[in-house]
Amino acid sequence: MNLHGTAQIGQNHHLWIGGTDTVELAKKYGTPLYLYDVSLIKNRARGFKRAFQEKGVGFQVAYASKAFSSIAMFQLIEQEGLSLDVVSGGELFTALQAEFPAERIHFHGNNKSYEELEFALNAGVGCIVVDNFFEISLLKMISSKLDKKVNILLRLTPGIEAHTHDYIITGQEDSKFGFDLGNGQADKALEDVLAFEGFRVLGIHCHIGSQIFETEGFTLAIEKLFSHFKKWEESFKYFPEVVNLGGGFGIQYTSEDTPLAPEQYVTAMIDEVGKQMRRFEGRDLPELWIEPGRSLVGDAGTTIYSIGSQKEIEGVRHYVSVDGGMTDNIRPALYQAKYEAYVANKMNEKPAQTVSIAGKCCESGDMLIWDIDLPIVTDNDYLAVSCTGAYGYSMASNYNRIQRPAVVFVENGEEQLVVKRETYEDLIKNDIPLKTNVFV
Ligand code: LLP
């Protein structure tokens with residue numbers, strides 16, 4: 001059993017997180033219930049910052065809010081002094097509602113609309129991470145219309161893609177994101193943005209993948225970027241003030257996962273940038289920015305479900321169904337993601353059977369966990385699935401008209417509901433009944 005953050009087994013043999021009894025919270029708020037271990041999020045945020053501070057490097061740590069966004073989450077990120085990466089008008093709106101300082105917001109995305117960009121510039125966001133030539137033309141229009149100088153980073157695709165232990169190096173990347181470094185697009189984009197006086201070209205951005213366990217992908221990307229910067233220095237007399245190396249730091253979902261400590265990724269990045277800077281005499285080290293999502297909130301999240309029906313197929317499989325599934329966690333169905341789980345009210349009991357955890361959606365693929373060893377369970381029991389904090393609630397849906405769960409933050413024995421459970425009424429709030437005598 002691999003307990004994360006402040007999770008521990010209480011004297012009542014229940015799973016406790018943040019000094020609160022998860023079983024009591026499940027009874028109070030209903031299930032499925034998302035719990036977030038606030039101290040774990042804070043520790044991660046502080047760990048990332050400390051790694052930069054110890055090396056005396058200028059930095060920003062921007063939380064990739066796609067991992068989990070809500071007003072309370074954004075307030076917590078603001079309290080911790082981090083910046084914020086948003087990728088849509090909706091994420092930006094939520095951040096502004098949370099009174100997140102606009103100058104610490106970075107706006108991402110491969111297809112930002114004119115309206116979204118105008119919204120962002122009017123709000124005064126810190127920078128726009130420019131993804132493509134269409135966006136450059138939209139930004140030029142809006143900057144001229146609003147008579148505003150726009151801080152930009154150019155998103156580059158360096159031809160390195162990393163996943164877990166593997167990274168792939170390709171001359172020309174087949175990606176919908178960014179300007180390709182290998183085929184001249186990045187050079188053309190830089191020339192274009194430098195020539196427009198409404199832009200302040202802060203630097204570049206590069207994100208090589210997600211759930212990465214090694215530092216090599218990052219250091220290779222840095223090497224590629226900085227050797228390209230040498231060419232830019234010669235051709236354009238340009239050197240970036242900011243290098244944003246994206247997110248992607250892995251977490252331990254199950255014992256099969258072997259990520260590094262978050263700080264280790266940062267240290268490796270800083271060291272490689274330091275090494276690369278030897279090519280640039282007289283230049284200051286650029287500010288280094290990162291964008292962790294999963295590693296800030298992933299293992300801080302736990303979902304508590306009520307166990308319901310069971311189906312035993314002799315010699316084949318024992319299904320245990322819970323009252324959620326792909327509607328609150330699409331990752332097993334979408335990515336074959338693996339999770340660990342415990343019976344939150346029987347933490348002292350030894351495993352006695354191998355079961356598979358099924359969701360409640362009308363779909364055979366709605367399985368949360370295949371083959372897990374659990375104690376004997378009944379419909380009075382609660383299942384806690386750990387490490388659901390990233391891309392769980394944020395990718396939730398109303399498939400089968402199932403309501404999205406509630407979210408509760410816990411720390412030091414305190415709890416606070418931060419997202420209400422959806423009601424049946426919420427499910428129909430955008431529905432408009434047919435007018436009489438139409439479509440008859
Ligand atoms: N920056 C950029 C530009 C990104 O595209 C992403 C994630 C991040 C930062 C944060 O990456 P993280 O630190 O969370 O790995 N839904 C998938 C993950 C999609 C990641 C998309 N981009 C999943 O559930 O595994």
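The values are calculated or read from the model by the stated rules, or taken from the named source; none is laboratory data. On a predicted model such as this, the values are computed, not experimentally measured, just so you know. FYI the Cβ positions are ideal-geometry reconstructions off the backbone, even for glycines, and counts take in every protein chain you see. For accessibility, only protein heavy atoms count, side chains too; no ligands or nucleic acids. Shrake-Rupley method; radii C 1.70, N 1.55, O 1.52, S 1.80 Å.
Restricting to DSSP loop positions (anything but H, G, I, E, B) with no more than 14 other Cβ atoms inside 10 Å of their own Cβ, which trypsin sites (Lys or Arg not before Pro) remain in the range 339-440?
LYS420, LYS429, LYS435
Express as a percent, rounded to the nearest 5, the fraction of DSSP beta bridges in the chain (both residues included) that run antiparallel.
Percentage antiparallel, nearest 5: 45.
Largest first, what is the accessible-area ranking of TRP232, TRP16 with a 1.4 Å probe?
The residues order as TRP16, TRP232, largest area first.
At a Förster radius of 30 Å, what calculated FRET efficiency corresponds to the Cβ-Cβ distance of SER175 and ASP271, to the nearest 0.05?
Rounded to the nearest 0.05, the efficiency is 0.65.
Before rounding to the nearest 500, sum -39500 (n - 2.57) across all DSSP H runs of length at least 4 in the chain and divide by the residue total; then give [θ] at 222 nm in deg cm²/dmol.
-8500 deg cm²/dmol
Counting other Cβ atoms within 10 Å of each Cβ, which GluC sites (Glu not before Pro) in the range 161-212 have at most 13 and sit in a DSSP loop?
Counting only loop positions with at most 13 other Cβ atoms within 10 Å, the GluC sites (Glu not before Pro) in the range 161-212 are GLU197.
Between the helical axis of 262-276 and the dominant principal axis of the chain, each derived from Cα atoms, what acute angle in degrees is found, rounded to the nearest 10?
In the chain, helix 262-276 runs at an angle near 10 degrees to the longest axis.
Can you tally the net charge around SER235? Count Lys and Arg as +1, Asp and Glu as -1, for every other residue whose Cβ sits under 9 Å from the Cβ of SER235.
Neighbour charge sum, excluding SER235 itself: -2.
Exactly which trypsin sites (Lys or Arg not before Pro) in the range 194-250 are in a DSSP loop and have at most 16 other Cβ atoms within 10 Å?
Passing sites in the range 194-250 are LYS237.
Here are some pairs, LYS176/LYS224; LYS27/LYS420; LYS224/LYS275; LYS28/LYS350; LYS188/LYS231; LYS360/LYS420; which of them have Cα atoms lying more than 18 Å apart in this structure?
As for pairs spanning more than 18 Å Cα to Cα, those are LYS176/LYS224; LYS28/LYS350; LYS360/LYS420.
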